[in-house]
Structures are given as C-alpha cells and as structure tokens.
Ligand code: FES
C-alpha cells in the first residue's frame, strides 16, 4: 500500500482517507446512460451488484456512468473507476485492475477489497457488451424493454 494510504486500522478504529470520503459522499459519474451506450452488470462475492454504462467513440471511452446496488465502498470504487476511464481506449480500460482503484482511494479495508473487484468486473462486462453489440447490433431489438 502506498505512503498516502489513509485507511488505517489502529486500535480497532478505521480511519477513512480523504479521497475515499470525497468519492463516497460526492460520487462522480453516478447514474445511467441511455442507449446506445453499452451496459454491463456484475455481481460481487457479497451478492451486491453494479451496473456500468459506457459510451464509446472511435474505440475510446467518452462517457462512463455507474449504478451501484451495494455498500458505500462500491460507490467510492465506481466513482474512482469511471474517473480513471475518461479518454482511455477500450484496451487501456480493460487493463485497469482492482488494485489501481483501491490505490486511488488510499486503500480499502480488507473486508471491502472485493468492492473494487466488483467495479472492475462491471466495467469488463460493459466492454464485452460493447463488442457484442458491434458484431450483432440487431440483438438490441430483443434484449431491452
Ligand atoms: Fe458488497 Fe461492497 S460490494 S460489500
């Protein structure tokens, strides 16, 4: 963990980093995108869900939104991850790891490290849907209400 990690468990007390608090309390990119954005959904090991929406132009992410159905840590993770995505190619987006999300939050408590993995899994599902749509755009007619 980096020098700037502020998630410290000292004497049983958890100290949350400023970055974590900022993203958890005033999340960026929270919400959904209308079609034709790609949407991916993932379920975490805890059973919580996250939806990720991507608008892609010329192979790069131009807009990302997320909708968490889980804990405060997923909110912070989705906020950081969608911020990291802006302007990245899909290939670069796919290389983002849960550790990178956690690092930008100044660390996560051990029992919430899977929340970063959930955010990354939702991103990967959205990228997968983007590629599937490009191959068979007609399928959208049957997949959504
Ligand atoms: Fe379930 Fe954070 S995603 S506890």
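Convex hull volume of the C-alpha atoms in segment 8-136, normalised per residue: 93 Å³. With neighbours defined as other Cβ atoms within 10 Å of a residue's Cβ, the residues 17, 95 order from fewest to most as 95, 17. Computed from label points 7 Å out along Cα-Cβ, the spacing between residue 57 and residue 25 is 3.5 nm. Sorting 74, 97, 63 from the fewest to the most surrounding beta carbons within 10 angstrom yields 97, 63, 74.
For a quick check: sort 52, 21 by the number of other beta carbons within 10 angstrom, fewest at the front. Walk me through the intermediate numbers first.
Values: 52 32, 21 15.
With the fewest neighbours first, 52, 21 line up as 21, 52.
In percent, how large is the relative contact order of segment 8-136, given Cα pairs closer than 8 Å and 6 or more residues apart?
On the way: 227 pairs, mean separation 39.4, N = 129.
Here the relative contact order equals 31 percent.
Bear in mind that the values in this text are calculations on the coordinates, not laboratory data. Bear in mind the structure is a predicted one, so any value in this text is a computation, not a measurement. When we count neighbours, we look across all protein chains shown, and the Cβ atoms used for this are built from the backbone with ideal geometry, even at glycine.
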